[in-house]
Amino acid sequence: MVLATAQDQSPWLRHLDYPDLAIWQLLERTAHRFPDRPALRFFGRTTTYRELLESVGRFAQGLVASGVRPGDRVALVLPNAPQMVIAYYGAMRAGALVVPTNPLYTPREFGVQMRDAEPKVVVALDLVVPRLKDEIGKALLVTTRIRDYLPPLLGFLQGLREKGPVMPRDSITLDRLLGSGAGSALPGPARADDVAVLQYTGGTTGVPKAAMLSHRNLVANAVQAEAWMPSYQAGQERVLAVLPFFHVFGMTVALNLGILTGAEIDLVPRFNPEETAREVHRFKPTLFPGAPAMYQAVADSPHVERWNIRSIRYCISGSAPLPLELQERFERLTGGVLVEGYGLTEASPVTHCNPLGGERRSGTVGRTFPDTLQRILDPEDPTRELPPGEVGELAVKGPQVMLGYWGQPAETAAVLQDGWLRTGDLGVIDEDGYCRIVDRKKDVIIVSGFNVYPREVEEVLLRHPGVREAVVVGVPDERRGQLVRAVVVPWPDRRPTEEELRSYCRERLAGYKTPRQFELRDELPRTAIGKVLRRVLVAEATEQKKEE
(Lines give C-alpha, C1' and ligand atoms only; values in the text may rest on other atoms or scores of the structure.)
Protein backbone atom coordinates (compact mmCIF):
# COMPACT_ATOMS: atom_id res chain seq x y z
CA MET A 1 0.00 0.00 0.00
CA VAL A 2 1.33 3.47 -0.88
CA LEU A 3 0.25 6.29 1.40
CA ALA A 4 1.23 9.90 1.98
CA THR A 5 3.35 10.84 4.96
CA ALA A 6 2.81 13.99 6.96
CA GLN A 7 6.49 15.03 6.76
CA ASP A 8 6.39 15.60 2.99
CA GLN A 9 4.84 18.90 1.86
CA SER A 10 4.14 17.71 -1.69
CA PRO A 11 0.49 18.30 -2.70
CA TRP A 12 -0.34 14.59 -2.97
CA LEU A 13 0.71 14.04 0.65
CA ARG A 14 -1.38 16.78 2.26
CA HIS A 15 -4.48 16.05 4.28
CA LEU A 16 -7.31 18.31 3.15
CA ASP A 17 -10.35 19.71 4.89
CA TYR A 18 -13.52 18.92 2.94
CA PRO A 19 -16.61 21.09 3.53
CA ASP A 20 -19.60 19.04 4.69
CA LEU A 21 -21.85 20.44 1.98
CA ALA A 22 -24.17 19.42 -0.81
CA ILE A 23 -22.54 20.13 -4.16
CA TRP A 24 -24.92 22.99 -5.02
CA GLN A 25 -23.89 24.73 -1.80
CA LEU A 26 -20.47 25.33 -3.36
CA LEU A 27 -22.25 27.65 -5.79
CA GLU A 28 -24.15 29.32 -2.96
CA ARG A 29 -20.93 29.90 -1.03
CA THR A 30 -19.08 31.25 -4.06
CA ALA A 31 -22.00 33.53 -5.04
CA HIS A 32 -21.85 35.14 -1.61
CA ARG A 33 -18.10 35.58 -1.93
CA PHE A 34 -17.97 36.80 -5.57
CA PRO A 35 -21.54 37.93 -6.40
CA ASP A 36 -20.64 40.18 -9.34
CA ARG A 37 -17.88 38.07 -10.84
CA PRO A 38 -18.81 36.41 -14.16
CA ALA A 39 -19.57 32.75 -13.56
CA LEU A 40 -20.42 31.72 -17.12
CA ARG A 41 -19.47 33.05 -20.52
CA PHE A 42 -21.38 31.78 -23.54
CA PHE A 43 -20.59 33.25 -26.97
CA GLY A 44 -20.02 36.65 -25.38
CA ARG A 45 -23.00 36.63 -22.99
CA THR A 46 -22.00 36.56 -19.33
CA THR A 47 -23.87 35.39 -16.25
CA THR A 48 -22.66 36.52 -12.83
CA TYR A 49 -22.54 34.25 -9.80
CA ARG A 50 -25.46 36.15 -8.27
CA GLU A 51 -27.55 35.68 -11.43
CA LEU A 52 -26.61 32.01 -11.69
CA LEU A 53 -27.61 31.29 -8.09
CA GLU A 54 -30.94 33.05 -8.65
CA SER A 55 -31.66 30.98 -11.78
CA VAL A 56 -30.73 27.78 -9.94
CA GLY A 57 -33.20 28.62 -7.19
CA ARG A 58 -35.98 29.34 -9.69
CA PHE A 59 -35.29 26.09 -11.52
CA ALA A 60 -35.44 24.16 -8.24
CA GLN A 61 -38.75 25.82 -7.36
CA GLY A 62 -40.11 24.97 -10.81
CA LEU A 63 -39.22 21.31 -10.27
CA VAL A 64 -40.89 21.25 -6.85
CA ALA A 65 -44.01 22.85 -8.33
CA SER A 66 -43.98 20.12 -11.00
CA GLY A 67 -44.02 17.39 -8.35
CA VAL A 68 -40.32 16.57 -7.99
CA ARG A 69 -39.42 15.34 -4.50
CA PRO A 70 -36.08 14.46 -2.86
CA GLY A 71 -34.75 11.25 -4.35
CA ASP A 72 -36.48 11.66 -7.73
CA ARG A 73 -34.26 11.62 -10.79
CA VAL A 74 -33.83 14.47 -13.28
CA ALA A 75 -32.11 13.60 -16.55
CA LEU A 76 -30.15 16.32 -18.37
CA VAL A 77 -29.67 15.85 -22.11
CA LEU A 78 -27.76 19.04 -22.77
CA PRO A 79 -24.43 20.29 -24.15
CA ASN A 80 -22.17 22.78 -22.35
CA ALA A 81 -24.50 25.76 -22.15
CA PRO A 82 -25.92 27.90 -19.31
CA GLN A 83 -29.05 25.70 -19.23
CA MET A 84 -26.91 22.68 -18.32
CA VAL A 85 -25.32 24.47 -15.37
CA ILE A 86 -28.64 25.87 -14.12
CA ALA A 87 -30.38 22.50 -14.37
CA TYR A 88 -27.46 20.58 -12.83
CA TYR A 89 -27.29 22.59 -9.62
CA GLY A 90 -31.02 23.38 -9.65
CA ALA A 91 -32.05 19.72 -9.71
CA MET A 92 -29.84 18.99 -6.71
CA ARG A 93 -31.17 22.12 -4.96
CA ALA A 94 -34.61 20.49 -5.25
CA GLY A 95 -33.24 17.28 -3.70
CA ALA A 96 -33.25 15.33 -6.96
CA LEU A 97 -30.55 13.05 -8.34
CA VAL A 98 -28.99 14.30 -11.58
CA VAL A 99 -28.67 11.87 -14.50
CA PRO A 100 -26.23 13.42 -17.04
CA THR A 101 -26.96 12.06 -20.53
CA ASN A 102 -25.02 12.34 -23.77
CA PRO A 103 -27.09 14.33 -26.33
CA LEU A 104 -25.45 12.34 -29.15
CA TYR A 105 -27.05 9.07 -28.05
CA THR A 106 -29.23 7.05 -30.39
CA PRO A 107 -32.84 6.26 -29.40
CA ARG A 108 -31.76 2.79 -28.25
CA GLU A 109 -29.04 4.22 -25.98
CA PHE A 110 -31.45 6.80 -24.56
CA GLY A 111 -33.94 4.03 -23.87
CA VAL A 112 -31.49 1.86 -21.95
CA GLN A 113 -30.52 4.72 -19.65
CA MET A 114 -34.02 6.12 -19.17
CA ARG A 115 -35.52 2.74 -18.27
CA ASP A 116 -32.82 2.20 -15.69
CA ALA A 117 -32.91 5.66 -14.06
CA GLU A 118 -36.68 6.24 -14.43
CA PRO A 119 -36.41 10.05 -14.33
CA LYS A 120 -39.33 12.19 -13.18
CA VAL A 121 -38.19 15.06 -15.43
CA VAL A 122 -36.03 15.16 -18.55
CA VAL A 123 -34.45 18.47 -19.60
CA ALA A 124 -33.33 18.32 -23.21
CA LEU A 125 -32.07 20.43 -26.07
CA ASP A 126 -34.79 20.83 -28.70
CA LEU A 127 -32.64 19.31 -31.46
CA VAL A 128 -32.35 16.08 -29.45
CA VAL A 129 -36.07 15.64 -28.79
CA PRO A 130 -36.94 13.70 -32.00
CA ARG A 131 -34.49 10.96 -30.95
CA LEU A 132 -35.47 11.10 -27.29
CA LYS A 133 -39.22 11.67 -26.96
CA ASP A 134 -40.32 8.04 -27.38
CA GLU A 135 -37.84 6.79 -24.77
CA ILE A 136 -38.69 8.85 -21.66
CA GLY A 137 -41.83 7.09 -20.49
CA LYS A 138 -44.02 9.23 -18.24
CA ALA A 139 -41.33 11.80 -17.46
CA LEU A 140 -42.11 15.49 -17.87
CA LEU A 141 -40.14 16.78 -20.87
CA VAL A 142 -38.61 20.26 -20.47
CA THR A 143 -37.11 21.69 -23.66
CA THR A 144 -34.68 24.49 -24.36
CA ARG A 145 -32.85 25.98 -27.35
CA ILE A 146 -29.21 26.98 -27.62
CA ARG A 147 -30.22 30.46 -28.83
CA ASP A 148 -32.23 31.13 -25.64
CA TYR A 149 -28.99 32.02 -23.81
CA LEU A 150 -27.05 33.62 -26.66
CA PRO A 151 -26.49 37.38 -26.83
CA PRO A 152 -29.64 39.01 -28.33
CA LEU A 153 -28.35 39.68 -31.84
CA LEU A 154 -26.63 36.33 -32.16
CA GLY A 155 -29.74 34.57 -30.83
CA PHE A 156 -31.91 36.40 -33.38
CA LEU A 157 -29.63 35.42 -36.27
CA GLN A 158 -29.51 31.84 -35.04
CA GLY A 159 -33.31 31.77 -34.96
CA LEU A 160 -33.46 32.89 -38.58
CA ARG A 161 -31.13 30.10 -39.65
CA GLU A 162 -32.61 27.30 -37.56
CA LYS A 163 -36.26 26.99 -36.58
CA GLY A 164 -35.83 23.67 -34.78
CA PRO A 165 -38.18 20.69 -34.59
CA VAL A 166 -41.78 20.84 -33.37
CA MET A 167 -41.99 19.93 -29.69
CA PRO A 168 -44.46 17.39 -28.23
CA ARG A 169 -47.69 18.99 -27.02
CA ASP A 170 -47.26 17.76 -23.44
CA SER A 171 -43.73 19.23 -23.08
CA ILE A 172 -42.93 22.59 -21.51
CA THR A 173 -40.12 25.05 -22.13
CA LEU A 174 -37.37 25.79 -19.66
CA ASP A 175 -38.48 29.44 -19.53
CA ARG A 176 -41.93 28.31 -18.47
CA LEU A 177 -40.51 26.03 -15.78
CA LEU A 178 -38.35 28.86 -14.43
CA GLY A 179 -41.42 31.03 -14.02
CA SER A 180 -43.75 28.38 -12.62
CA GLY A 181 -42.50 27.79 -9.10
CA ALA A 182 -42.51 31.21 -7.43
CA GLY A 183 -43.16 30.75 -3.73
CA SER A 184 -42.59 26.97 -3.74
CA ALA A 185 -40.84 25.84 -0.56
CA LEU A 186 -37.53 24.11 -1.22
CA PRO A 187 -36.27 21.15 0.83
CA GLY A 188 -33.27 21.50 3.10
CA PRO A 189 -29.84 20.60 1.74
CA ALA A 190 -29.14 16.93 1.14
CA ARG A 191 -26.69 15.23 3.44
CA ALA A 192 -23.13 14.97 2.19
CA ASP A 193 -23.40 11.18 1.94
CA ASP A 194 -26.64 11.25 -0.08
CA VAL A 195 -26.50 10.39 -3.78
CA ALA A 196 -26.10 13.49 -5.96
CA VAL A 197 -25.47 12.07 -9.45
CA LEU A 198 -26.12 8.83 -11.30
CA GLN A 199 -23.19 8.78 -13.68
CA TYR A 200 -23.41 6.04 -16.28
CA THR A 201 -20.35 4.05 -17.23
CA GLY A 202 -19.61 1.01 -19.33
CA GLY A 203 -21.61 2.17 -22.33
CA THR A 204 -18.59 1.75 -24.63
CA THR A 205 -17.92 -1.81 -23.46
CA GLY A 206 -21.22 -3.33 -22.41
CA VAL A 207 -24.48 -2.64 -20.60
CA PRO A 208 -24.20 0.76 -18.85
CA LYS A 209 -24.15 0.89 -15.05
CA ALA A 210 -24.88 4.01 -13.01
CA ALA A 211 -22.20 4.93 -10.48
CA MET A 212 -23.84 6.54 -7.46
CA LEU A 213 -21.71 9.60 -6.71
CA SER A 214 -22.50 11.35 -3.45
CA HIS A 215 -22.29 15.05 -2.69
CA ARG A 216 -19.24 14.22 -0.57
CA ASN A 217 -17.58 12.41 -3.49
CA LEU A 218 -18.04 15.35 -5.86
CA VAL A 219 -17.07 18.04 -3.36
CA ALA A 220 -13.97 16.08 -2.34
CA ASN A 221 -12.73 15.59 -5.90
CA ALA A 222 -13.15 19.28 -6.70
CA VAL A 223 -11.27 20.24 -3.53
CA GLN A 224 -8.52 17.73 -4.36
CA ALA A 225 -8.19 19.15 -7.87
CA GLU A 226 -7.81 22.69 -6.51
CA ALA A 227 -5.12 21.56 -4.08
CA TRP A 228 -3.19 19.97 -6.95
CA MET A 229 -2.54 23.35 -8.58
CA PRO A 230 -0.07 25.16 -6.32
CA SER A 231 -0.52 28.70 -7.70
CA TYR A 232 -4.23 28.48 -8.54
CA GLN A 233 -6.04 31.58 -7.16
CA ALA A 234 -9.70 31.66 -6.20
CA GLY A 235 -11.66 34.38 -7.95
CA GLN A 236 -9.00 34.97 -10.61
CA GLU A 237 -8.94 31.93 -12.88
CA ARG A 238 -10.68 31.23 -16.18
CA VAL A 239 -11.65 27.71 -17.25
CA LEU A 240 -12.08 26.63 -20.87
CA ALA A 241 -14.97 24.15 -20.62
CA VAL A 242 -14.54 22.09 -23.78
CA LEU A 243 -14.93 18.74 -22.02
CA PRO A 244 -18.67 17.97 -21.91
CA PHE A 245 -20.31 18.30 -18.51
CA PHE A 246 -22.35 15.15 -19.11
CA HIS A 247 -19.02 13.31 -18.81
CA VAL A 248 -17.69 13.03 -15.26
CA PHE A 249 -14.25 14.44 -16.16
CA GLY A 250 -15.74 17.68 -17.47
CA MET A 251 -18.27 17.78 -14.62
CA THR A 252 -15.54 17.73 -11.97
CA VAL A 253 -12.45 19.41 -13.45
CA ALA A 254 -14.21 22.10 -15.48
CA LEU A 255 -17.62 22.72 -13.83
CA ASN A 256 -17.43 21.83 -10.12
CA LEU A 257 -13.83 22.97 -9.73
CA GLY A 258 -14.65 26.22 -11.51
CA ILE A 259 -17.68 26.90 -9.32
CA LEU A 260 -15.80 25.94 -6.13
CA THR A 261 -13.07 28.48 -6.87
CA GLY A 262 -15.07 31.34 -8.34
CA ALA A 263 -13.59 30.90 -11.79
CA GLU A 264 -15.10 32.32 -14.96
CA ILE A 265 -16.20 29.32 -17.04
CA ASP A 266 -16.20 29.63 -20.82
CA LEU A 267 -18.84 27.22 -22.14
CA VAL A 268 -18.00 25.51 -25.43
CA PRO A 269 -20.88 23.26 -26.60
CA ARG A 270 -18.92 21.50 -29.35
CA PHE A 271 -15.19 20.96 -29.82
CA ASN A 272 -13.60 22.29 -32.98
CA PRO A 273 -9.80 22.74 -32.97
CA GLU A 274 -9.66 26.00 -34.93
CA GLU A 275 -12.56 27.53 -33.00
CA THR A 276 -11.03 26.38 -29.71
CA ALA A 277 -7.71 28.07 -30.52
CA ARG A 278 -9.62 31.23 -31.45
CA GLU A 279 -11.59 31.03 -28.20
CA VAL A 280 -8.39 30.75 -26.17
CA HIS A 281 -7.11 33.86 -27.98
CA ARG A 282 -10.28 35.81 -27.08
CA PHE A 283 -11.11 34.48 -23.63
CA LYS A 284 -7.56 33.92 -22.32
CA PRO A 285 -8.30 30.92 -20.09
CA THR A 286 -5.79 29.80 -17.50
CA LEU A 287 -7.05 26.20 -17.15
CA PHE A 288 -7.77 23.90 -20.11
CA PRO A 289 -8.65 20.35 -19.00
CA GLY A 290 -8.97 18.01 -21.94
CA ALA A 291 -8.11 14.76 -23.69
CA PRO A 292 -4.99 14.05 -25.78
CA ALA A 293 -7.07 14.07 -28.97
CA MET A 294 -8.15 17.66 -28.20
CA TYR A 295 -4.63 18.91 -27.52
CA GLN A 296 -3.41 17.12 -30.65
CA ALA A 297 -6.13 18.67 -32.81
CA VAL A 298 -5.41 22.18 -31.55
CA ALA A 299 -1.67 21.74 -32.04
CA ASP A 300 -2.24 20.42 -35.57
CA SER A 301 -4.65 23.21 -36.53
CA PRO A 302 -3.15 24.86 -39.63
CA HIS A 303 -3.73 28.38 -38.32
CA VAL A 304 -2.87 27.88 -34.64
CA GLU A 305 0.12 30.21 -34.89
CA ARG A 306 -2.13 33.18 -35.67
CA TRP A 307 -3.83 32.92 -32.26
CA ASN A 308 -2.26 33.82 -28.93
CA ILE A 309 -2.86 30.79 -26.73
CA ARG A 310 -0.19 31.54 -24.14
CA SER A 311 -2.63 32.46 -21.37
CA ILE A 312 -2.96 28.74 -20.53
CA ARG A 313 -1.11 27.79 -17.35
CA TYR A 314 -2.61 24.40 -16.49
CA CYS A 315 -3.74 21.49 -18.66
CA ILE A 316 -4.84 18.22 -17.07
CA SER A 317 -5.15 15.43 -19.63
CA GLY A 318 -7.24 12.31 -19.16
CA SER A 319 -9.17 9.52 -20.93
CA ALA A 320 -6.15 8.23 -22.91
CA PRO A 321 -2.34 8.03 -22.72
CA LEU A 322 -0.53 11.33 -23.31
CA PRO A 323 2.38 10.96 -25.77
CA LEU A 324 5.55 12.76 -24.65
CA GLU A 325 5.97 14.42 -28.06
CA LEU A 326 2.47 15.92 -27.83
CA GLN A 327 3.07 17.06 -24.25
CA GLU A 328 6.27 18.88 -25.19
CA ARG A 329 4.81 20.37 -28.35
CA PHE A 330 1.69 21.72 -26.66
CA GLU A 331 3.74 23.22 -23.84
CA ARG A 332 5.91 25.03 -26.38
CA LEU A 333 2.78 26.48 -28.00
CA THR A 334 1.15 27.65 -24.78
CA GLY A 335 3.95 28.19 -22.30
CA GLY A 336 1.78 26.28 -19.79
CA VAL A 337 2.11 22.90 -18.12
CA LEU A 338 0.38 19.81 -19.56
CA VAL A 339 0.26 16.72 -17.35
CA GLU A 340 -1.34 13.29 -17.60
CA GLY A 341 -3.79 12.16 -14.96
CA TYR A 342 -5.95 9.13 -14.37
CA GLY A 343 -9.36 8.36 -13.05
CA LEU A 344 -12.57 6.49 -13.63
CA THR A 345 -16.25 7.27 -13.35
CA GLU A 346 -16.51 5.31 -10.12
CA ALA A 347 -14.05 7.73 -8.47
CA SER A 348 -15.69 11.04 -9.47
CA PRO A 349 -13.30 10.61 -11.50
CA VAL A 350 -9.72 11.70 -10.66
CA THR A 351 -7.46 9.56 -8.47
CA HIS A 352 -3.98 10.25 -9.91
CA CYS A 353 -2.11 13.05 -11.64
CA ASN A 354 1.42 14.07 -12.43
CA PRO A 355 2.48 17.13 -10.43
CA LEU A 356 1.84 20.52 -12.00
CA GLY A 357 4.78 21.77 -9.99
CA GLY A 358 7.53 19.24 -9.34
CA GLU A 359 8.75 16.05 -10.94
CA ARG A 360 6.69 14.67 -13.80
CA ARG A 361 7.37 11.17 -15.06
CA SER A 362 6.44 10.55 -18.66
CA GLY A 363 4.62 7.28 -19.22
CA THR A 364 3.04 7.41 -15.76
CA VAL A 365 -0.24 8.90 -14.54
CA GLY A 366 1.62 10.43 -11.61
CA ARG A 367 0.80 9.98 -7.95
CA THR A 368 -2.43 9.80 -6.05
CA PHE A 369 -4.56 12.83 -5.19
CA PRO A 370 -4.51 13.95 -1.54
CA ASP A 371 -6.08 11.48 0.91
CA THR A 372 -6.14 8.79 -1.77
CA LEU A 373 -4.52 5.37 -1.29
CA GLN A 374 -3.38 2.97 -3.98
CA ARG A 375 -2.24 -0.62 -4.11
CA ILE A 376 -1.58 -3.32 -6.69
CA LEU A 377 -3.45 -6.62 -6.38
CA ASP A 378 -2.46 -10.02 -7.71
CA PRO A 379 -4.82 -10.61 -10.69
CA GLU A 380 -5.04 -14.31 -9.79
CA ASP A 381 -5.50 -13.72 -6.05
CA PRO A 382 -6.93 -10.23 -5.37
CA THR A 383 -6.54 -10.72 -1.62
CA ARG A 384 -2.75 -10.51 -2.09
CA GLU A 385 -1.05 -7.13 -2.45
CA LEU A 386 1.97 -6.98 -4.75
CA PRO A 387 5.16 -5.04 -3.99
CA PRO A 388 6.39 -2.03 -5.99
CA GLY A 389 7.56 -2.90 -9.49
CA GLU A 390 5.13 -5.78 -10.10
CA VAL A 391 2.19 -5.61 -12.50
CA GLY A 392 -1.29 -6.25 -11.13
CA GLU A 393 -4.75 -4.74 -10.79
CA LEU A 394 -4.80 -1.18 -9.48
CA ALA A 395 -7.10 -0.54 -6.51
CA VAL A 396 -7.78 2.87 -4.95
CA LYS A 397 -9.43 4.20 -1.81
CA GLY A 398 -10.39 7.78 -0.98
CA PRO A 399 -13.20 10.26 -0.33
CA GLN A 400 -14.02 10.45 -4.07
CA VAL A 401 -14.86 6.72 -4.44
CA MET A 402 -18.52 6.04 -5.31
CA LEU A 403 -21.17 4.56 -3.04
CA GLY A 404 -21.87 1.74 -5.50
CA TYR A 405 -23.85 0.99 -8.65
CA TRP A 406 -27.51 2.00 -8.84
CA GLY A 407 -29.70 -1.07 -8.32
CA GLN A 408 -26.83 -3.53 -8.87
CA PRO A 409 -25.59 -4.92 -5.53
CA ALA A 410 -23.75 -7.85 -7.13
CA GLU A 411 -21.83 -5.53 -9.48
CA THR A 412 -21.06 -3.26 -6.55
CA ALA A 413 -19.71 -6.13 -4.42
CA ALA A 414 -17.46 -7.21 -7.30
CA VAL A 415 -15.57 -3.90 -7.41
CA LEU A 416 -15.93 -2.39 -3.90
CA GLN A 417 -14.38 -4.19 -0.93
CA ASP A 418 -13.80 -2.44 2.41
CA GLY A 419 -13.83 0.91 0.65
CA TRP A 420 -11.28 -0.19 -1.93
CA LEU A 421 -12.27 0.21 -5.56
CA ARG A 422 -10.88 -2.35 -7.98
CA THR A 423 -10.33 -0.35 -11.14
CA GLY A 424 -10.02 -3.18 -13.65
CA ASP A 425 -6.80 -1.57 -14.90
CA LEU A 426 -3.44 -3.28 -14.78
CA GLY A 427 -0.74 -1.05 -13.35
CA VAL A 428 2.61 -0.93 -11.64
CA ILE A 429 3.73 1.43 -8.86
CA ASP A 430 7.38 2.43 -8.45
CA GLU A 431 9.19 3.03 -5.17
CA ASP A 432 8.22 6.72 -5.21
CA GLY A 433 4.51 6.05 -5.67
CA TYR A 434 4.26 6.98 -9.36
CA CYS A 435 1.79 4.73 -11.15
CA ARG A 436 2.02 3.47 -14.71
CA ILE A 437 -1.12 2.02 -16.28
CA VAL A 438 -0.16 -1.04 -18.27
CA ASP A 439 -3.59 -1.76 -19.72
CA ARG A 440 -7.21 -2.56 -19.10
CA LYS A 441 -7.51 -6.08 -17.71
CA LYS A 442 -10.17 -6.90 -20.27
CA ASP A 443 -8.08 -5.48 -23.14
CA VAL A 444 -5.12 -7.80 -22.59
CA ILE A 445 -4.50 -9.92 -25.69
CA ILE A 446 -3.52 -13.56 -25.12
CA VAL A 447 -1.38 -14.95 -27.95
CA SER A 448 -0.52 -18.65 -27.59
CA GLY A 449 -0.78 -18.29 -23.81
CA PHE A 450 1.37 -15.12 -23.64
CA ASN A 451 -0.05 -11.81 -22.40
CA VAL A 452 0.26 -8.87 -24.78
CA TYR A 453 -0.50 -5.46 -23.32
CA PRO A 454 -1.89 -3.22 -26.10
CA ARG A 455 -0.49 -0.08 -24.53
CA GLU A 456 3.08 -1.40 -24.74
CA VAL A 457 2.71 -2.07 -28.47
CA GLU A 458 0.99 1.29 -29.00
CA GLU A 459 3.85 3.12 -27.30
CA VAL A 460 6.33 1.48 -29.66
CA LEU A 461 4.27 2.40 -32.73
CA LEU A 462 3.86 6.00 -31.57
CA ARG A 463 7.63 6.41 -31.60
CA HIS A 464 7.67 5.74 -35.35
CA PRO A 465 8.01 9.10 -37.17
CA GLY A 466 5.16 8.26 -39.53
CA VAL A 467 2.61 7.31 -36.88
CA ARG A 468 0.28 9.93 -35.48
CA GLU A 469 -2.08 7.59 -33.59
CA ALA A 470 -2.15 3.86 -32.94
CA VAL A 471 -4.61 1.47 -31.30
CA VAL A 472 -3.90 -2.22 -30.78
CA VAL A 473 -6.66 -4.82 -30.36
CA GLY A 474 -6.98 -8.60 -30.28
CA VAL A 475 -8.57 -10.59 -33.09
CA PRO A 476 -9.83 -14.18 -32.57
CA ASP A 477 -7.57 -16.83 -34.08
CA GLU A 478 -8.14 -20.59 -34.10
CA ARG A 479 -4.47 -21.56 -33.66
CA ARG A 480 -3.16 -18.91 -31.29
CA GLY A 481 -6.31 -17.81 -29.47
CA GLN A 482 -5.83 -14.21 -30.59
CA LEU A 483 -3.78 -12.20 -33.05
CA VAL A 484 -2.43 -8.69 -32.49
CA ARG A 485 -3.92 -6.10 -34.86
CA ALA A 486 -2.73 -2.49 -35.07
CA VAL A 487 -4.94 0.30 -36.41
CA VAL A 488 -2.71 3.25 -37.35
CA VAL A 489 -3.43 6.85 -38.29
CA PRO A 490 -0.35 8.15 -40.17
CA TRP A 491 0.91 11.69 -40.44
CA PRO A 492 -0.29 13.24 -43.74
CA ASP A 493 3.22 13.84 -45.06
CA ARG A 494 4.79 10.58 -43.87
CA ARG A 495 2.71 7.50 -44.66
CA PRO A 496 4.57 4.29 -43.71
CA THR A 497 3.91 0.96 -45.39
CA GLU A 498 2.64 -2.07 -43.49
CA GLU A 499 5.94 -3.86 -43.98
CA GLU A 500 7.86 -0.84 -42.66
CA LEU A 501 5.72 -0.83 -39.49
CA ARG A 502 6.07 -4.58 -39.07
CA SER A 503 9.87 -4.40 -39.34
CA TYR A 504 9.94 -1.48 -36.92
CA CYS A 505 7.98 -3.47 -34.33
CA ARG A 506 10.04 -6.64 -34.80
CA GLU A 507 13.17 -4.73 -33.84
CA ARG A 508 11.59 -3.52 -30.60
CA LEU A 509 9.12 -6.20 -29.51
CA ALA A 510 9.09 -9.94 -28.95
CA GLY A 511 7.71 -11.88 -31.88
CA TYR A 512 4.38 -12.71 -30.22
CA LYS A 513 3.82 -9.00 -29.44
CA THR A 514 4.46 -7.81 -33.00
CA PRO A 515 1.17 -7.08 -34.80
CA ARG A 516 0.27 -9.65 -37.45
CA GLN A 517 -2.22 -7.26 -39.01
CA PHE A 518 -1.96 -3.55 -39.77
CA GLU A 519 -4.67 -1.20 -40.95
CA LEU A 520 -3.99 2.40 -41.96
CA ARG A 521 -6.96 4.76 -41.75
CA ASP A 522 -7.58 8.50 -41.61
CA GLU A 523 -9.29 8.60 -38.21
CA LEU A 524 -10.37 6.48 -35.26
CA PRO A 525 -13.89 6.04 -33.84
CA ARG A 526 -14.22 8.06 -30.64
CA THR A 527 -16.56 8.99 -27.81
CA ALA A 528 -17.66 12.58 -27.16
CA ILE A 529 -14.50 13.35 -25.16
CA GLY A 530 -12.13 11.79 -27.66
CA LYS A 531 -11.69 8.36 -26.10
CA VAL A 532 -11.11 5.69 -28.72
CA LEU A 533 -13.94 3.17 -29.06
CA ARG A 534 -11.94 -0.05 -28.94
CA ARG A 535 -15.08 -2.18 -29.07
CA VAL A 536 -15.85 -0.77 -32.54
CA LEU A 537 -12.39 -1.66 -33.79
CA VAL A 538 -12.63 -5.14 -32.26
CA ALA A 539 -16.06 -5.72 -33.82
CA GLU A 540 -14.83 -4.57 -37.24
CA ALA A 541 -11.75 -6.77 -37.07
CA THR A 542 -13.74 -9.78 -35.88
CA GLU A 543 -16.27 -9.37 -38.68
CA GLN A 544 -13.50 -9.04 -41.24
CA LYS A 545 -11.90 -12.22 -39.88
CA LYS A 546 -15.17 -14.13 -40.33
CA GLU A 547 -15.42 -13.02 -43.95
CA GLU A 548 -11.90 -14.18 -44.82
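The values are calculated or read from the model by the stated rules, or taken from the named source; none is laboratory data. Quick caveat: nothing in here was measured; it's all calculated off a predicted structure. Here Cβ is always computed from backbone atoms with ideal geometry, including for glycine, and neighbour counts include all displayed protein chains.
The one condition from (1) surrounded by 15 or more Cβ atoms within 10 Å (Cβ to Cβ); (2) outside the structural domain of Pro292 (by TED's automatic domain parsing); (3) touching a residue at least 24 places away in the same chain (Cβ under 8 Å) that Asp439 does not meet is (3). Within segment 394-411, the residues that satisfy the criterion of being buried (at least 19 other Cβ atoms within 10 Å of the Cβ) and of a type outside the set (A, V, I, L, M, F, W, C) are Lys397, Gly398, Pro399, Gln400, Gly404, Tyr405. Got at least one residue in segment 449-468 being over 29 Å from the mean Cα position of the chain (by Cα), over 18 Å from Leu326 (Cα atoms) and hydroxyl-bearing (Ser, Thr, Tyr)? No.
Per this entry, Gly357 is counted among residues that are assigned by TED's automatic domain parsing to the domain that holds Cys315, of a type in the set (Gly, Ala, Ser) and either more than 19 Å from Leu421 (Cα to Cα) or part of a loop (DSSP other than H, G, I, E, B) (or both). In segment 83-107, the residue that is nearest to Asp193 (Cα to Cα) out of those that are among the polar types (S, T, N, Q) and in a loop (DSSP other than H, G, I, E, B) is Thr101.
With the structure loaded, tell me whether Val68 is assigned to a loop (DSSP other than H, G, I, E, B) and at pLDDT 95 or above or whether it fails that test. Working first, answer last.
On the way: assigned to a loop (DSSP other than H, G, I, E, B): yes; at pLDDT 95 or above: yes.
Yes; evaluated as a whole, the condition is true for this residue.
Every condition in (1) buried (at least 21 other Cβ atoms within 10 Å of the Cβ); (2) acidic (Asp, Glu); (3) without any contact (Cβ under 8 Å) to a residue 12 or more places away in the chain is met by Glu328 except one, and the failing one is (1).
Identification of strands (runs of 3 or more DSSP E) wholly contained in segment 429-548 with 3 or more residues that are modelled with pLDDT of 85 or more and under 30 Å from Pro382 (Cα atoms) yields 435-440, 467-477, 481-490.
Name the residues in segment 190-211 that are modelled with pLDDT of 95 or more and farther than 21 Å from Leu260 by Cβ, would you? Break it down into steps so the answer makes sense when it comes.
If we filter segment 190-211 for residues that are modelled with pLDDT of 95 or more, which is where we start, we get 190-199, 210-211.
Listed by number, the residues that qualify are Leu198, Ala210.
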